[in-house]
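Novice: Have a look at this one.
The values are calculated or read from the model by the stated rules, or taken from the named source; none is laboratory data. Just so we're clear, the structure is a prediction, and the values are computed from it rather than from any experiment. Cβ atoms come from the backbone with ideal geometry, glycine included; neighbour counts cover every protein chain shown. Protein only, heavy atoms only, side chains kept; ligands, DNA and RNA dropped before computing areas. Shrake-Rupley method; radii C 1.70, N 1.55, O 1.52, S 1.80 Å.
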Amino acid sequence: VTLKFYVRNVLLIGFFQGATIVLGMTSYLYLTVSFVQMLKASTPVMIVIFLRLFKIEDPSVKILMSVLIISTGVIMSGYGEINFSIVGVLTMISGQVAEALRLVFTQKLLKNLRFTVLEGLCYVTPAASFWV
């Protein structure tokens, strides 16, 4: 693994993993635990969107319908939240975007670059620790 490869791929995944942890924990300072859990349910929606945007996977109609149902459920469950905080919601959404991007780039690393799961962990974990 060259330094250029490590910086462009592995360090990027580590950054998103660190951002997921920090932003996810920060959201608990502003939102209730139950509301955070409801918002976390929309992570698969973002994953499907980013997989499509980066042309890694083309979702089927069945997956798109499932994502639509998840989105509707998250919107309905979050409507009327008493302790709503825009700062908390923005940190939570940012954390979810970071998580979705981490998973998409990890998929690229494992699938397209032919890394095994253990190799991926051995490279990404120190990078994530660096960013946290």
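Novice: Quick check on region 2-35: of everything there that is touching a Phe, Trp or Tyr at 6+ places or on another chain (Cβ under 6 Å) and open to solvent by less than 30 Å² (accessible area, probe 1.4 Å), which residue is nearest to residue 94 (Cα to Cα)?
Specialist: Only one residue tops the list, namely 18.
Novice: Please identify the pairs in which a residue from region 80-93 that is within 20 Å of residue 46 (Cβ to Cβ) has its Cβ atom under 9 Å from the Cβ atom of a residue that is of a type in the set (D, E, K, R) and outside any loop (DSSP other than H, G, I, E, B), counting only partners at least 6 apart or on another chain.
Specialist: 92/40
Novice: Which count do you get for residues in region 94-119 that are surrounded by fewer than 18 Cβ atoms within 10 Å (Cβ to Cβ), in contact (Cβ under 8 Å) with a residue 12 or more places away in the chain and either farther than 13 Å from residue 16 by Cα or of a type in the set (Lys, Arg) (or both)?
Specialist: Residues meeting the conditions: 5.
Novice: Do you know which residues across region 28-64 are outside any loop (DSSP other than H, G, I, E, B), basic (Lys, Arg) and over 14 Å from the mean Cα position of the chain (by Cα)?
Specialist: 52, 62
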